[in-house]
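Visitor: Would you mind keeping the following structure in view while I ask a few things?
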Amino acid sequence: MRFKSKDLLGIEDLDSQDIELVLSTAGSLREVSEREIKKVPTLRGRTIINLFYEPSTRTRTSFEIAAKRMSADAVNISVSASSAVKGETIKDTAKNLEAMKPDCIVVRHSASGVPHMLADYLKCSVVNAGDGAHEHPSQALLDMFTVKEKKGTIKGLKLAIIGDIGHSRVARSNIYGFTKLGAEVVVAGPPTMMPPGIERLGCRATFSMEDAIADADVIMMLRIQLERQKESFFPTIREYSMLYGLDEAKLKMAKKDVLILHPGPLNRGVEISPAVADGPYSMILDQVTNGVAVRMAIFYLLLGAAKE
Ligand code: CP
């Protein structure tokens, strides 16, 4: 089985079967990273280009490691050292890269919709590694994988997503994904960071963190996306942290076996206390580990499965 589309642009485009296919494929591929020789020949001869117009630690490294563990050739373009700084458009950059015959371009950009535009222009596969405040599909898939691995199922769970909902592509992709798999999703954050009409995506919205995390099975904390804000959305960091930061006292309101997720990077002491980030309920590093398996699965389903 493979994706119906040549691209992975967003969770909105996937149905629950597509999502389950990625999760089960990642489950099969996860053990490759536990081997002494961490490599399978599945994508030998394939070329994958990472084209990141925004900073990244986890996503870019994870896509590169995933490609290499599948034996694909991975090329990282540093945009600050590319001809983009000389005024080349992203379309020209992408067309020139495609002329070198890659099989897939993984793109991150600050503008929503850039991966979709490239997918229309290019014959090779395009994977969205985060577009503006729109979607971050591979992050949501690794989040769902992590929760399903720990809880056995996603159906019937209560997921609370807390923080800067309006600027968060992670929130958007996870609302789509978790609701498609049957979870109840509640989002909470300051009124200034809550986009009107967010409920249309299938979640419930509240300004009360306590309301959202009460009896939650999973709490996903979000960083304040200062890079996407041109004005101040709250009076002080201290006030934000008191109302929307997760510490051990607030954690007691959730279920006893709650899982704490955070896509990273963390702002310790702002949206999450160090004790919670490093505590027994934290899945933050599990998410990063699982990200490699999920991205291997994405490459396999886009580039490799048809050959099997
Ligand atoms: N989760 C995430 O997108 O992290 P990076 O910005 O480090 O890739």
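The values are calculated or read from the model by the stated rules, or taken from the named source; none is laboratory data. Nothing here was measured: the structure is a model prediction, and the numbers come from that model. Don't worry about glycine lacking a Cβ; one is built from the backbone with ideal geometry, like all the others, and counts go over all protein chains shown.
Visitor: Just the residues that are closer than 16 Å to Glu54 by Cα and among the polar types (S, T, N, Q), please, taken from the range 94-121.
Guide: Ser110, Ser112
Visitor: While we're on this one: Filter the range 48-94 down to residues that are of a type in the set (A, V, I, L, M), within 15 Å of the ligand (Cβ to nearest atom) and in a helix (DSSP H, G or I) and give me whichever is modelled with the lowest pLDDT.
Guide: Ranking the candidates gives Val79 first.
Visitor: Taking the conditions exactly as written (surrounded by 13 or more Cβ atoms within 10 Å (Cβ to Cβ) and over 29 Å from Glu227 (Cβ atoms)), does Asp131 satisfy them or not?
Guide: no
Visitor: Next question, about the same structure. Taking Ile219 as the residue in question, decide whether it is modelled with pLDDT of 95 or more, under 22 Å from the mean Cα position of the chain (by Cα) and hydrophobic (A, V, I, L, M, F, W, C).
Guide: yes
Visitor: Among (1) farther than 22 Å from Ala171 by Cβ; (2) more than 16 Å from the ligand (Cβ to nearest atom), there is one condition Val276 misses while meeting the rest; what is its number?
Guide: Unmet for Val276, out of (1) farther than 22 Å from Ala171 by Cβ; (2) more than 16 Å from the ligand (Cβ to nearest atom): (1).
Visitor: Now for a separate question. Just name the residue that is surrounded by the fewest Cβ atoms within 10 Å (Cβ to Cβ) out of those in the range 144-161 that are away from the ligand (no atom under 16 Å from the Cβ) and among the β-branched types (Val, Ile, Thr).
Guide: Within the range 144-161, the match that is surrounded by the fewest Cβ atoms within 10 Å (Cβ to Cβ) is Thr153.
Visitor: Further question: If we scan the range 228-244, do we find a residue that is within 16 Å of the ligand (Cβ to nearest atom) and over 24 Å from Ala67 (Cα atoms)?
Guide: Checked against the condition, which is being within 16 Å of the ligand (Cβ to nearest atom) and over 24 Å from Ala67 (Cα atoms), the range 228-244 yields at least one hit.
Visitor: Let me ask another. Please work out which residue is farthest from the chain's Cα centre (by Cα), limiting yourself to the range 270-285 and to residues that are assigned to a helix (DSSP H, G or I) and either aromatic (Phe, Trp, Tyr) or surrounded by fewer than 17 Cβ atoms within 10 Å (Cβ to Cβ) (or both).
Guide: Ala275
Visitor: While we're here: Given the conditions (1) within 16 Å of the ligand (Cβ to nearest atom); (2) surrounded by 15 or more Cβ atoms within 10 Å (Cβ to Cβ), which single one is not true for Asp217?
Guide: (1)
Visitor: Tell me, which strands (runs of 3 or more DSSP E) wholly within the range 118-227 include 3 or more residues that are assigned by TED's automatic domain parsing to the domain that holds Tyr244?
Guide: Ranges flagged: 158-162, 184-188, 204-206, 218-221.
Visitor: Additional query: Give the residues of the range 95-111 that are away from the ligand (no atom under 16 Å from the Cβ), under 30 Å from Lys38 (Cα atoms) and in contact with a Ser or Thr (Cβ under 9 Å, 6 or more places away or on another chain), sorted by residue number.
Guide: Passing the criteria: Met100, Lys101, Pro102, Asp103, Cys104, Ile105.
Visitor: Write out, first by first residue and then by second, each pair whose Cβ atoms fall under 6 Å of each other, whose residues are 6+ apart or on separate chains, and whose first residue, in the range 16-28, is more than 11 Å from Val294 (Cα to Cα) while the second is modelled with pLDDT under 95 and surrounded by fewer than 16 Cβ atoms within 10 Å (Cβ to Cβ).
Guide: none
Visitor: Which pairs have Cβ atoms under 7 Å, sit 6 or more apart or on different chains, and link a residue in the range 61-86 that is assigned by TED's automatic domain parsing to the domain that holds Lys38 to one that is among the aromatic types (Phe, Trp, Tyr) and within 16 Å of the ligand (Cβ to nearest atom)?
Guide: So the pair list comes out as Val79/Phe52; Val79/Tyr53.
Visitor: Just for the range 115-143: of the residues that are hydroxyl-bearing (Ser, Thr, Tyr) and in contact with a strand residue (DSSP E or B) (Cβ under 8 Å, 6 or more places away or on another chain), which one is farthest from the ligand (Cβ to nearest atom)?
Guide: By that ranking, first place goes to Ser125.
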